[in-house]
Amino acid sequence: MSLQGGAAPLIEAMIKMSFMGGMQRPTSNSWNVVNDLIHFQQRIHQCLWDTGDKTKIMYLQLPHFTEDNVKHIVMKSRRGRPNVEPGFEEYGRLQEFIRQAPEERRGLKDLTDEQQKDVHDVAAILPNWDVDVEIYVEEEDIIPASSIVTLKLEVTRNEVPEGKTATEIFAPRFPDGKYEGIWFLMGELIPHGRKKVRTLQTTVNLSDVNVACDVGVVFVCVCSCVQMSTRLQSVRKVSSRARVVEGTMQFKAPPQPGQYSYV
C-alpha cells in the first residue's frame with residue numbers, strides 16, 4: 001500500500017471516525033486521538049518517528065540536524081526551565097526557531113557554511129503563521145444560548161511572499177511531492193478543580209497556535225487551568241496554497257447563559 005494511494009486517506013478516515021465517536025461519547029478522549037493522528041500523518045511525510053519527546057523530534061525535519069544539534073536548542077536554563085520564550089512551549093518551539101534571525105539560531109556551530117545555508121533556506125519555507133479569529137452569530141449582537149455559533153479563522157502564511165502561493169513541503173525522504181494542509185480543531189474545555197480559564201480570544205498570534213510542518217492545528221484559546229478535559233466539537237481540513245487561507249466552523253452554544261472556554 002502506497003502512502004499516496006492508501007495510508008493518507010486511511011488516516012483521514014480514522015480522524016473522522018474518532019471525531020464522530022467522540023460526539024456520541026462526550027467523555028471520550030477524541031481530542032487527544034485526533035490530535036495525535038494529525039501529527040502522526042505529518043511524521044509519515046517527514047519519515048520521522050515520535051521518540052516521546054515532542055520538543056525535539058520536530059527539529060529533525062531540518063536538513064543536517066542530529067540529536068546533538070537539537071540539544072543546543074532545547075538546552076535547559078540554569079533555573080531548570082526550557083530555554084524558550086513564553087507562548088512557544090512544546091510544538092511552538094520550532095516556530096520560535098523559524099522566527100529568529102539566522103545569526104541568532106542555535107545548534108548550528110558544528111555545521112559547515114553550506115549546511116547552515118540549507119537549514120536557513122528550509123526554515124524560510126516552514127509554516128510561519130498568524131491567525132485571526134472571529135466568533136459571531138448571524139444577525140445577532142450577542143451569542144444567545146443554544147444558538148448556532150460561527151467561528152471564522154484567517155491564517156496568514158508569513159513564509160509566502162505577497163502575490164505568491166505556498167511551495168511543496170520540505171520532505172526529501174517522501175517519494176512524492178506534497179503540499180501542506182491545514183487542520184482546524186475546536187473543542188470545549190471542561191476544567192477540573194477551581195482554577196479559572198481564559199475565555200475565547202478574538203485575535204491570536206502564533207504564540208497561541210500549535211503548528212506543524214505539514215499540518216497546522218489551530219488552538220484559538222489559551223487555558224490556564226492545570227487539569228482539564230477537552231470535548232471535541234468540530235474538525236475541518238482546508239487544502240489551499242494561498243497566502244491567506246480562510247476557514248469556518250460552526251457549533252451550538254451551551255443551553256445556559258454563562259462564561260465558557262474553548263480551545
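Take the range 149-189 and flag every residue that is of a type in the set (A, V, I, L, M) and either more than 14 Å from Asn128 (Cβ to Cβ) or part of a loop (DSSP other than H, G, I, E, B) (or both).
Restricting attention to the range 149-189, the residues satisfying the condition of being of a type in the set (A, V, I, L, M) are 149, 151, 153, 155, 160, 166, 169, 171, 182, 185-186, 189.
Answer for the range 149-189, where residues must be of a type in the set (A, V, I, L, M) and either more than 14 Å from Asn128 (Cβ to Cβ) or part of a loop (DSSP other than H, G, I, E, B) (or both): Val149, Leu151, Leu153, Val160, Ala166, Ile169, Ala171, Leu185, Met186, Leu189.
Just checking, which of Glu96, Glu90, Glu85, Glu104 is modelled with pLDDT of 90 or more and either exposed (fewer than 13 other Cβ atoms within 10 Å of the Cβ) or in contact with a Ser or Thr (Cβ under 9 Å, 6 or more places away or on another chain) (or both)? Answer to the check: Glu104.
Taken over the range 163-183, the criterion of being over 17 Å from Asp121 (Cα atoms) and touching a helix residue (DSSP H, G or I) at 6+ places or on another chain (Cβ under 6 Å) is satisfied by Phe174, Asp176, Lys178, Trp183. Within the range 211-251, the set of residues being over 9 Å from Phe184 (Cβ atoms), modelled with pLDDT under 85 and not hydrophobic (A, V, I, L, M, F, W, C) comprises Asp214, Ser224, Gln227, Ser229, Thr230, Arg231, Gln233. Restricted to the range 1-57, and to residues there that are more than 21 Å from Val235 (Cα to Cα) and of a type in the set (Lys, Arg), the residue that is modelled with the lowest pLDDT is Lys54.
Regarding Ile142, is this residue at pLDDT below 95, surrounded by 15 or more Cβ atoms within 10 Å (Cβ to Cβ) and out of contact with any Asp or Glu (no Cβ under 6 Å at 6 or more places or on another chain)?
Here the answer is no, as Ile142 does not meet what is asked.
Taking residues in the range 119-134 that are aromatic (Phe, Trp, Tyr), and partners anywhere that are assigned to a helix (DSSP H, G or I), the pairs with Cβ atoms closer than 6 Å and at least 6 places apart or on different chains are Trp129/Leu206.
Of all the numbered requirements in (1) touching a Leu at 6+ places or on another chain (Cβ under 7 Å); (2) under 30 Å from Ile148 (Cβ atoms); (3) modelled with pLDDT of 90 or more, Val122 misses one, and that requirement is (2). Count of the range 107-139 residues, restricted to those that are surrounded by 14 or more Cβ atoms within 10 Å (Cβ to Cβ), under 30 Å from Met75 (Cβ atoms) and of a type in the set (Asp, Glu), is 2.
Only one of these is of a type in the set (Ser, Thr, Tyr) and modelled with pLDDT of 70 or more: Thr150, Thr199, Thr203. Name it. Talk me through it step by step, then tell me what you get.
Values: Thr199 fails: modelled with pLDDT of 70 or more; Thr203 fails: modelled with pLDDT of 70 or more.
Exactly one of Thr150, Thr199, Thr203 is of a type in the set (Ser, Thr, Tyr) and modelled with pLDDT of 70 or more, namely Thr150.
Total residues in the range 113-124 satisfying the condition of being farther than 18 Å from Val70 by Cβ and more than 25 Å from the chain's Cα centre (by Cα): the figure is 3. When residues in the range 98-129 are screened for being in a loop (DSSP other than H, G, I, E, B) and more than 13 Å from Gln61 (Cβ to Cβ), 12 of them pass.
The values are calculated or read from the model by the stated rules, or taken from the named source; none is laboratory data. Small disclaimer: the values here were computed from a predicted structure and weren't measured. Cβ sites come from the backbone with ideal geometry, for glycine too, and all protein chains shown count toward neighbours.
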